[in-house]
Each structure stands twice: as structure tokens, then as C-alpha cells.
Amino acid sequence: MPETNAVPLPGGYRWSGVACGIKSTAGSLDLSLFVSDEPAVAAGVFTQNRVVGAPVKVSRQRVPRATARAVVINSGNSNACTGARGIADAEWMTAETARQLGCAAEDVLVCSTGVIGRFLPREKLAAGIPQAVAALGAAPDHLLAAAQGIMTTDTVPKLSTRQVLAGDRPVVVTGVCKGAAMIAPRMATMLAVVMTDAHLSMETAGRLLREAVDVSFNAISVDGHTSTSDTVLLLANGRSGATIDPEGPAAGPFRQAFTDVCTELAQLIIRDAEGAEHFITVDVRGLRTTDEARRIARAICEGPLVKTAIAGNDPNWGRIVSAAGYAGVPFQEQEASLWLNGTLLYEAGTPAPFDAAAVSRSLATGEVHIDLRFSLGEASARMWTCDLTQEYVRLNSEYTT
């Protein structure tokens, strides 16, 4: 877990995570609050799945806004595919949280994660929300508890934080997320809350979030399954006194810090993917457009034969090249070359001689770099994925039973 004490946490926020009995394991944290002590600018990016959870529908209607006060998240139940009752339950969660905090219900955003198709247990949440409000605090341990409270099949909490200067004022960006499987965010199951004490306009917040998500959460895939619940929320409360002008000198460093937080969180999801033993970086270069590069990178990341070959430390490069070939991007074989962990395997459409045993040993380290280069242009894309193991199949075959 990244060290949250390495830099200060953003000012004006409090967090908590409590156990209210939604999860079957006694004492497991399953309800989290992220609270801004003053109105915050909020922006959101949500799943592109046409089947979406009730909390997505509720939160999507409430952003962007300039008066957000809190995000309430439960784990163990996604409140998805639950019809009108699901919407009512999500709205009730925000209203109950708002009542405890003394703010408007519309200023509370909501997320849920867990099993699909089960109604939320209101009686447990009714007892848990006041406990979560009472447990709020601004220390690193409070943030850690909130990060733990949103976990489902995650094995570790995921946090990231950065500090930069805006003029002479330090500003902080801190994020938490959850996710280990059902990951193919196209804004998958993943949730993230990113908070800063800088002041951002609603327009700047929305643009910043979309740009960062595009190269971080939208650049990972565990299994190609876009969730019903994916949500990334940004809160900016301005407590630092620094305003980020998109044309000002602080904009670049702040944008980089924000993107770095999102990227680190996204990579932590891949490193914690269910059953995963390999962390895979896929670079696709030399295409005509970024969209073409991303389509090929995604096909490689989500190709089950590619992922199983990596699981077996097998440099079976034909699986990678063929995955590129079915991505729907026009190219000729002689326009592609492939490197695996720095070793050339396939050059301009022709097999290259290489030491298969040496490449296999390099794969066995668990760090894998697939570098596919074309000669068609200057556009490129990078994505991250993991291997596909027997343990992934076991874990997901037993998820609800």
C-alpha cells in the first residue's frame, strides 16, 4: 500500500470506514464516507455499460456541481439491476447521509459495489450511516479505513497521494480506489474517489478528470468485462486557497500530479487482479491514430490466449500478433514488429531468431512488456493488464456461492 504519510493529505476532508453487516464476513468494513467540510466542486465519469447500477444513475444526475459535500459507498452489494426500488434505496442512502451531516441530499454522491441483483439491506445501512458519521476523522488511519470499506475481492486497500506547489501554496491530490476483477473500464468493477484541496472550476474539473481517466483507468483491463458500477469521482474543495487556472503556470504540475494519482491507482488494480501473477504493460506504437493504437492494445490485453501464454511464461508471440490482427485496424503483416521484454521476436512480418528459454525466464519475473511497433504513423497507446490463471477462474466461479 502506498504510504499516505509521505505527504500531507488534502485539507478540509474527513473519512471513515465501518462494518454494518452487508458483507457476510463478520466485522468486515463495508460502508465508507468521504466528506468535505465545505462545499466542493464535483465531477464524475461513469461506466459505459448500458446496464448500470442505481447509484450510477443517481450520481450521474448530480454532477457536475459546485456544492458537493460527501460520497457514501457501500461494498458487498452493488444495488444493480434492482429497478425502481434500487433507485429509491440509492436516493435514501444519500438523504440519510445528508441528514446526519446537515446538508442537502443532492450534495451527497453514492456508489455501491458487490454482487449484482440483490436489494440493499436498508436496516443495516440505517444503523451503519450514523456510525460512519461518528467515526469521521482527518488522519491517515481514517482514510485507510475508508479505502478498506470499499473493497470487495481486493486483497489490499489502494491509495495514492501527491503534493505540488500552486504559486507559493502547497496543494494535495489524494485518491482511493477498489477493483480486482470485472475490470475493463470504459467510462468496470472499479470505484475511485480523488480529492484535492485546490479550487477548480466545474469546467476545469470535468476536463481534468476525463483526460486523466482516459490514460489511467480506461487504460487497464483484467478480463474485458465492463462493470455496471464503474465510477470515478473528483472532489475539489479549495481549502488550500490555491486556484488552478488551466492557463496558469501551476496547471501543468497539478495536471501531472492528478494524472499520476489516477495512473498509480489504476496500476494497483492490475497488480491486485484476482489470481494474477504477471503485471503486463502493452505499448502499441506507429499507428495512424490514437484510436487505432488503443484498439490493438485492448485486443492484446483482453485476448485470453495471450493472457494464458503469459501465465505459463510462454513467449508464444503468434498469439499477440494475431490478437492485433482481429482488432479491426487495417495493416499489413510486414508493417508490424514485436518485442517481448526487450527481445525482438517478430520483425516486419517475419519471425526473428531468439532464445526462447531466456525470454521465458524474463517472463517468470512477473513483469512483462509487450512492445508492438508499426510503420504507419506516429500515434501510440499504452495499456496495462495481467495474466489469466487457474486461480482467477476458481475465484470467479465461486464468487456468489
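The values are calculated or read from the model by the stated rules, or taken from the named source; none is laboratory data. Owing to the predicted nature of the structure, the values given are computational and were not obtained by experimental measurement. Note: ideal-geometry Cβ built from the backbone for every residue, glycine included; neighbour counts use all protein chains shown. Quick note on the areas: whole protein, heavy atoms, side chains included, nothing else; ligands and nucleic acids left out. Shrake-Rupley method; radii C 1.70, N 1.55, O 1.52, S 1.80 Å.
Worth a mention:
- Calculated accessible area for segment 262-401 comes out at 46 Å² per residue, all protein chains present (probe 1.4 Å; ligands, DNA, RNA ignored).
- Estimated inter-spin distance, Asp37 and Ala139, nm [label 7 Å along Cα→Cβ]: 1.6 nm
- The chain - percent of accessible surface contributed by carbon and sulfur, probe 1.4 Å: 50 percent
- Within the shell of other residues whose beta carbon sits under 13 angstrom from the beta carbon of Leu345, the net charge comes to -2, with Lys and Arg scored +1 and Asp and Glu -1.
- Coupling constants for segment 345-354 follow from the phi torsions by the Karplus curve (6.51 cos²θ - 1.76 cosθ + 1.60, θ = phi - 60°), and in residue order they are 10, 8, 10, 6, x, 10, x, 10, x, 7 Hz; glycine and proline get x.
- Karplus-derived HN-Hα couplings along segment 193-198 (A = 6.51, B = -1.76, C = 1.60, θ = phi - 60°), whole Hz, x at Gly and Pro: 10, 10, 10, 9, 9, 7
- Solvent exposure of segment 1-76 as accessible area per residue, Å², 1.4 Å probe: 38 Å²
- Sequence ranges 347-354, 278-285, 121-128, ranked by mean other-Cβ count within 10 angstrom, highest first: 278-285, 121-128, 347-354
- Percent antiparallel among DSSP beta bridges (both partners in the chain, rounded to 5): 70 percent
- Each Lys and Arg adds +1 at its Cβ and each Asp and Glu adds -1 at its Cβ; summed about the Cα centre, the chain shows a dipole of about 900 debye.
- Across segment 317-333, computed HN-Hα scalar couplings (Karplus, 6.51 cos²θ - 1.76 cosθ + 1.60, θ = phi - 60°) run 5, x, 5, 5, 5, 5, 5, 4, x, 9, 6, x, 10, x, 6, 9, 4 Hz from first to last residue, x flagging Gly and Pro.
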